[in-house]
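The values are calculated or read from the model by the stated rules, or taken from the named source; none is laboratory data. Just so you know, these numbers come straight off a predicted model, no measurement behind them. Cβ placement follows ideal geometry from the backbone for every residue including glycine, while neighbour counts extend to all protein chains displayed. These accessible areas exclude ligands, DNA and RNA; they are computed on the full protein's heavy atoms, side chains included. Shrake-Rupley method; radii C 1.70, N 1.55, O 1.52, S 1.80 Å.
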There are 2 protein chains.
Amino acid sequence: MTATIENTRTEDLETVLAGAAAAAAPFGALHPATRAGMLSAVANALEGAADELVPIAIEESGLPEARLRGELNRTVVQLRLFVEVLRDGSYLDVIIDEADPDFAIGPRPDLRRMRVPVGPVLVFAASNFPFAFSVAGGDTASALAAGCPVVLKAHPGHPRLSARTGTIVREALTGAGAPAGVFDVIHGVDPGTIALRDERIAAAAFTGSVPAGRALFDIASARPRPIPFYGELGSVNPVFVTPGAVAARGAQLAQEYAASFTLGVGQFCTGPGLLFLPGGHGLEAELTEAAAGASGGRMLTENVHRGYHARRRELLDVPGVRVLADGGEGEGLDATPTLLATDVPTLLEYRETLLTEAFGPLSIVVGYRNTEELVHAADAVEGSLTATVHAEPDEVESMSGLVDRLRECAGRLLFNGWPTGVAVTPAMQHGGPYPATTAPLHTSVGSRAIDRFLRPVTYQNAPRELLPEALRDGNPLGIPRTVNEAGASQHWGE
Amino acid sequence: MTATIENTRTEDLETVLAGAAAAAAPFGALHPATRAGMLSAVANALEGAADELVPIAIEESGLPEARLRGELNRTVVQLRLFVEVLRDGSYLDVIIDEADPDFAIGPRPDLRRMRVPVGPVLVFAASNFPFAFSVAGGDTASALAAGCPVVLKAHPGHPRLSARTGTIVREALTGAGAPAGVFDVIHGVDPGTIALRDERIAAAAFTGSVPAGRALFDIASARPRPIPFYGELGSVNPVFVTPGAVAARGAQLAQEYAASFTLGVGQFCTGPGLLFLPGGHGLEAELTEAAAGASGGRMLTENVHRGYHARRRELLDVPGVRVLADGGEGEGLDATPTLLATDVPTLLEYRETLLTEAFGPLSIVVGYRNTEELVHAADAVEGSLTATVHAEPDEVESMSGLVDRLRECAGRLLFNGWPTGVAVTPAMQHGGPYPATTAPLHTSVGSRAIDRFLRPVTYQNAPRELLPEALRDGNPLGIPRTVNEAGASQHWGE
């Protein structure tokens, strides 16, 4: 699919950046309920445009209609989640310390802390979710909810969808009263990096590959004034299966595993790249059959296809790696699932190659001899979005050492399930230590994704008229607030 | 004062780093109340050692006894603040989403999110607070509270105090049952940067100059696996005074300003570097007298002294900058207050020089013609820890444009007060956009300093036995938790 959208011209990029900068103050100052209404308008507009958008998405991404309709629904629900976040108001994280003449280290002034928008956010859209991690995806929704204008760098895998979605989002926002410049879409690698270096951009978010994400992180960090860069990069998402789980439901696990690692032609951030099975598991036939029977399909872009097949060949060349199901090279942009097998010593010897994400329908079954070897392998796993354990109830307690270790490298720990499929909900954590993300304290999915775009400010002894409503006496916004009364420090540490 | 402590040797550094890595899991797994007891033990030990520590601090820092005793008390109170944070438990930020078969984008599993320690933290101590921003200071207290082992890189300005404080902290921690390796002090620039590059260090904190902090930030960001670097660097802390405030209390403001910018020989992060006064304010005699009458003293280190005088000469050379009070070059490590004056056009023309922190007893009075010019000047101010407005009640509403602008560059907004003196309390924000800090979402003072060292993890469908107590049914820790019931998403966005 060739792009029919040209790169953003320099003068247009300047207009976009100037517009975002100008919109920051008025947009950030809106009452949260007003901004909630704007997000609602975007959600409704996208919902109403499904029949127009989904066909473009099918054409550009090659993904099936049902998946794309579901993904658009997820995108709409995501926006409505942030409507709820804004209505609730706890995202403002208000803390009020009453003036305290008896404070333990001298008189304390009246201190009122809240969170304010960081300023214009640059979002780099992903290829693999043309709706949910793209123009109107979670990064955009959370940044807008926080009160930050968004400059959206479109992914070249779906340029026309990006342009059209961008127009719908922009028109819905301004139609609901948002200031001009609050949202715009730009196209092209160079415009993206120029924007990332621009002083008017206060934070950036990205979902994609390790090389691209790291290059952008390095640019953001090397600026004269560095900015936060929230990159979601690569993740192997290991799955650990106990002997009891194999005995109880081995064949079912083989089926579910194949379905999970081949989902969306293996182009999910949370696809399981490693399946640890006890040696002598006896599932090789089932695994081979399930993988060989799973469907492949067209990959998202030429880059993704080329990168996947290069990784695949690299993995096939590792001594001690066997092929259970060989998807071959495929034609055009196609890829067919490939399943490999190895053991823990080989995994550790070639960890540089084997413990790096293969973005596509490929996974590696790793045989382990005992729990000790399993923990040893877990020690070698780098930062990952997820880690999964399949175990029977009577094995659970013996897993606690492994689970503690996995918690150090992963953002989400799953039990008796599969990592693909990420709920968009308050308790979700979609993040993890590097290389899963460049910002391990944050999530890019769920309510808390808004935290990335908010910065605390404390007002000290402010006159009532200058206080934002969130901080005023009587709590006019009616939001959750923490109020600390005078005198408490006299009892600290008792 | 020459250092009597040698740089940490390579083999000792390895022992320290290995010890911190080994302590991370057991220390992080402790019940919060147990860790609270350990912090209490440190607070009590430091309190009990005041008569031993303060004389060393006086000798090495040149700061007066009353100040150092007050600072040690602040350090003790700071530790007790985190005892309260641990007892309260809301720092764990627990969110529980009940399983929801009717969730808007498909069945939602049981999701339970909490925050866990990031791992071993490297803290670079500051020169200007030998207690409160040093070995047992806020960075150490908040990292230990979070459950992270601390490797403390001592400041060369007070090496013996650092070694002795480090021993007291370590003995108090291990005496209270903390694992060996949970805390240690290292000395020397090279050991510090080697530790910063070490894979076992998961985050770093720093308080100091822009050049040193930026160099360390760059190292942390360029690691194969980058880590969060919480640097507090430089801040000009502008103060804006209205005509009404000059008329009502001009002479008093001149006195208070001189006291604030010369406090601790001007070596406070929050010292006011710029005072904006309306043209024709008529306070020049009072300001000159107050500055000339304020006391100077020995600066903290040779580096600080050399850097201050170089900056001072640079400022004196700017055309359009007048000298109101000339502190001269001083002898030895001494510095005497210098007060300069200029106008907004000069400030903007030479912004590179004039809008950069001068760490020492120097400040600049800037005359402005009208509110428009004042806002224009405020636009040029870079990221700052604080910004202050002095205004009379009838002027307050006309200040809202200026205050909104100041909020974009500062972490704390003060009214009719002075920025020196930072309350250690839940609502404090000690941070701001670059160059005030390298991490504008965070604070290095107050309860929320703990946020820097905690990372979210979500448990999905976890068996009860594998859940941390914080996430278990029935809330055995008795902590604040957010619980989201099933079914709510059906009503989102309505």
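I need the semi-axes of the equivalent ellipsoid of the stretch A:1-107: take the C-alpha gyration tensor, multiply each eigenvalue by 5, square-root it, list largest first in whole angstrom. Numbers along the way, then the final one.
Values: eigenvalues 333, 96, 33 Å².
Square roots of five times the eigenvalues give 41, 22, 13 Å.
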(Q) I need the per residue convex hull volume for the stretch A:66-109, using only the alpha carbons, in cubic angstrom as a whole number. (A) 84
Q: Return the Rg/Rh value of the protein assembly as shown, two decimal places, where both radii are evaluated on C-alpha atoms and Rh is the Kirkwood radius.
A: 0.98
Q | Debye log10 I(q)/I(0) at q = 0.12, 0.13, 0.20, 0.22 Å⁻¹ for the stretch A:113-253, Cα point scatterers | A | -0.53, -0.59, -1.17, -1.39
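So which trypsin sites (Lys or Arg not before Pro) in the stretch B:354-458 pass both tests, a DSSP loop state and at most 16 other Cβ atoms within 10 Å of the Cβ? Don't skip to the answer; put the middle values down first.
On the way: sites: B:369, B:405, B:407, B:412, B:448, B:452; in loops: B:369.
Taking the stretch B:354-458 and a limit of 16 other Cβ atoms within 10 Å, the loop trypsin sites (Lys or Arg not before Pro) found are B:369.
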Q | Across the identical copies, how the residue A:29 labels are spaced - nm, sorted shortest first, 7 Å along Cα→Cβ | A | 5.4
Q) Of all the residues in chain B, which one has the C-beta that comes nearest the axis relating B to A, and what is the distance in Å? A) B:221, 2
(Q) Give me a comma-separated list of calculated 3J(HN,Hα) values for the stretch A:332-339, in order, Karplus coefficients 6.51, -1.76, 1.60 applied at θ = phi - 60°, integers in Hz, x for any Gly or Pro. (A) x, 9, 6, 9, 10, x, 10, 10
Q) With axes computed from alpha carbons, what is the tilt in degrees of helix B:50-61 against the longest principal axis of chain B, rounded to the nearest 10 within 0 to 90? A) 50
Q.
Taking 0.36 nm per residue of sequence separation and subtracting the Cα-Cα distance, how much length would be gained by fully extending the chain between residue A:397 and residue A:174, in nm to one decimal?
A. 74.8 nm
Q) What is the stretch A:355-494's relative contact order, in percent, from Cα pairs under 8 angstrom and six or more apart in sequence? A) 17
(Q) So if each residue of separation counts as 0.36 nm, and I subtract the Cα-Cα distance between residue A:310 and residue A:461, what length gain in nm does that give? (A) 48.2 nm
(Q) Between helix A:243-262 and chain A, what is the angle of the helix's C-alpha long axis to the longest principal axis, kept within 0 to 90° and rounded to the nearest 10? (A) 70
Q) With labels modelled as points extended 7 Å from the Cα through the Cβ direction, what inter-label distance (nm, one decimal) is found for residue B:295 paired with residue A:326? A) 8.6
Q.
Compute the helix-to-body angle for B:159-175: its Cα long axis versus the longest principal axis of chain B, expressed 0 to 90° and rounded to tens.
A. 30
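Given a Förster distance of 25 Å, report the FRET efficiency between residue B:18 and residue B:189 from their Cβ-Cβ distance, rounded to the nearest 0.05. Don't skip to the end; give the middle numbers.
Details: r = 21 Å, r/R0 = 0.85.
So the FRET efficiency works out to roughly 0.70.
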Q. For residue A:193, which inter-copy label distances result when the label point lies 7 Å beyond Cα on the Cα-to-Cβ vector, reported in nm to one decimal and in ascending order?
A. 2.7
(Q) Just to verify a number: what accessible area does residue B:105 come out at with the full protein assembly present, 1.4 Å probe, Å² rounded to tens? (A) 50
Q. Which distances, in nm and shortest first, link the residue B:369 label point to the same label point in every other copy, taking 7 Å along Cα→Cβ?
A. 8.4
Q: State the Kirkwood hydrodynamic radius of the stretch A:248-354 in Å, one decimal place, computed from all pairs of distinct Cα atoms.
A: 14.4
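Per Stokes-Einstein, at 25 °C and 0.890 mPa s, what whole-number D in µm² s⁻¹ belongs to the stretch B:324-419, with the Kirkwood radius over Cα pairs as the hydrodynamic radius?
Details: Rh = 14.9 Å.
For these conditions, the coefficient is 165 µm²/s.
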Q. If you take the beta carbon distance between residue B:353 and residue B:376 as r and set R0 to 22 Å, what does 1/(1 + (r/R0)^6) give as a FRET efficiency, to the nearest 0.05?
A. 0.75
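Which FRET efficiency, nearest 0.05, do residue A:31 and residue B:251 yield, Cβ-Cβ r, R0 35 Å?
Numbers: r = 42 Å, r/R0 = 1.20.
The pair residue A:31/residue B:251 has a calculated efficiency of 0.25.
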Q: Kindly sort A:394, B:184, A:343 by accessible area of their heavy atoms, largest first, with the probe set to 1.4 Å.
A: A:394, A:343, B:184
Q: Please give the contour-minus-distance gain from residue A:215 to residue A:6: 0.36 nm per residue of separation, less the Cα-Cα distance, rounded to one decimal in nm.
A: 72.9 nm
Q. What area, in nm² and to one decimal, does the C-alpha convex hull of chain A cast on average over all directions?
A. 25.9
Q. Once you put a point 7 Å from the Cα of residue A:318 and another 7 Å from the Cα of residue A:66, both along the Cβ direction, what distance in nm separates them?
A. 3.4
